[in-house]
Amino acid sequence: MSYYREIKKNDKQIKKLFLERVKKERSCWIWKGSTTAEGHGQISLGFATLKAHRLSYLLYKGELAAGKRIFQTCENKLCVNPKHQRILVSKKEQKKLEGSKNTQGSNNGNSKLRPKDIQKIRKLAKNHSIVQIATRFDVSSAQIGRILSGKNWSHV
Ligand SMILES: [Zn+2]
């Protein structure tokens, strides 16, 4: 993805466009621009459309390899405070992203989830990312994805 090379840390022009769409609150910076279907901020820069929190990372922290996932520590999808954006790096976090391959509801011995968790997860999905939910329940994001797509637990 070439746009990662087009955005330099502290790029004045892009930073201006970015900050015009941000409302800084006590701790979070709330995105006021357009959003993606999943509820993340996004911005069109002519050559590419970027997620606002990823752009924040590029502008304030610098390089971000394509494909690297960013975790929002404040759990607010619209927050673009660079201090709240963290690349997933630890082994535990990586493991969650990769997920386990064979889970089938609570019949699977590895599943920590109970039927009442499934309902909670579906509710949380409205304003939280899959990674955030996976972290909260300490399961893989793949598992959460299967729950939300109805592949697992569709009976609940
Ligand atoms: Zn925040």
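Please treat every number below as a calculation from the coordinates, not as lab data. No experiment lies behind these values; they were computed from the predicted model shown. Every residue, glycine as well, gets a Cβ built from its backbone with ideal geometry; the counts of neighbours run over all protein chains shown.
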**OP:** Would you mind counting up the charge near LYS51? Only other residues with Cβ under 14 Å from its Cβ, with Lys and Arg at +1 and Asp and Glu at -1.
**Re:** +4
Subject >> Dipole in debye (nearest 20) - segment 3-87, about Cα centre, beta carbon charges: Lys, Arg +1; Asp, Glu -1 >> reply: 240
Subject >> Residue-wise HN-Hα coupling along segment 128-133, computed from phi with Karplus coefficients 6.51, -1.76, 1.60 (Hz; x: Gly, Pro) >> reply: 10, 7, 4, 5, 4, 5
**OP:** Would you mind checking which residues have amide H under 5 Å from TRP29's amide H? H placed 1.01 Å from N; only 5 or more apart, or other chain.
**Re:** VAL80, ASN81
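Using a cut-off of 12 Å between beta-carbons, work out the net charge of the residues near GLN13 (Lys and Arg +1, Asp and Glu -1, GLN13 not included).
After counting each charged neighbour, the total is +1.
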**OP:** Taking amide H positions as placed in the peptide plane 1.01 Å from N, state which residues far from GLN42 in sequence (5 or more) or on other chains have amide H under 5 Å from it.
**Re:** SER34, THR35, THR36, ALA52
Original post:
Each residue of segment 143-156 in turn: what ³J(HN,Hα) in whole Hz from Karplus with 6.51, -1.76, 1.60 and θ = phi - 60°, glycine and Pro shown as x?
Top reply: 5, 4, x, 5, 5, 5, 7, x, 6, 10, 6, 5, 7, 7
Original post:
Amide H to amide H, which residues 5 or more places from ILE87 or on other chains are under 5 Å from it, using H placed in the peptide plane?
Top reply: PHE71
Subject >> 3J(HN,Hα) from dihedral phi, segment 24-31, Karplus parametrisation 6.51/-1.76/1.60, rounded to Hz, x for glycine, proline >> reply: 7, 9, 3, 10, 8, 9, 8, 6
